[in-house]
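Here is the structure we will look at, set down as structure tokens.
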Amino acid sequence: MAVLINEQIKADEVVLTGLSGENLGVVSKSEALAMARSQGADLVCTSLMSSPPPCSLVAKGRGKALAQKKAGASKTNNGRAASGKEKVKELRFTAHIEEHDYDTKLRQADKQLRSGKPVQLVVKASGAKEAPVAKALLERLLGDLKEVGVKETGIQMGGKGSQVKLNPR
């Protein structure tokens, strides 16, 4: 989100808020800039989504700091929090998994779910004949993890495998 300061503002009219937060109404941009100069302040526009845009008189130098702060905040929000989606841990299995490997993956899934993070369980099948085995393995995993997780999606069967997403309880 861009923060425009002084001459960067392109609108002809702005909704102006004074230094102490008082509403000064709709004024021309040139009048708002003149007020800002006379009070030793910056004219700052924080939203371009309305017409006329809302602008505020802010103490000199604070406008630039506010712009940098907003720019920094938008950069940090481009990760997980901005999208609203949490990164999902994906655990991959083969249809014919050894018991020890199964127990290890089960512990990993359990640990993720107990820490409040979702888990995607994926079973890779090498052919159509292994699809029932893959589904059975996912059903076994769901049974073993039912205390800590609840499935978000049903078991999704696809060409090369099956998958299911579990959310923490």
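Being acidic (Asp, Glu) and at pLDDT below 85 is the filter here; which residues of the stretch 23-48 pass it? Please lay out each step first, then the result.
Going residue by residue through the stretch 23-48, those that are acidic (Asp, Glu) are 31, 42.
Asp42, the sole residue that qualifies.
Cβ contacts < 7 Å: first residue under 16 Å from Leu91 (Cβ atoms), restricted to the stretch 114-127; second residue open to solvent by less than 40 Å² (accessible area, probe 1.4 Å) and among the β-branched types (Val, Ile, Thr), any location; separation 6+ or different chain. Result?
Arg114/Val148; Leu121/Val164
State yes or no: is Ser51 surrounded by 14 or more Cβ atoms within 10 Å (Cβ to Cβ), more than 30 Å from Arg140 (Cα to Cα) and modelled with pLDDT of 75 or more?
So Ser51 does not fit the description; no.
The values are calculated or read from the model by the stated rules, or taken from the named source; none is laboratory data. Treat the numbers as computed from the prediction; the structure is a model and nothing was measured. Ideal geometry is used to build each Cβ from the backbone, glycine not excepted, and the neighbour counts take in all protein chains shown. With ligands, DNA and RNA removed, areas are computed over all heavy atoms of the protein, side chains included. Shrake-Rupley method; radii C 1.70, N 1.55, O 1.52, S 1.80 Å.
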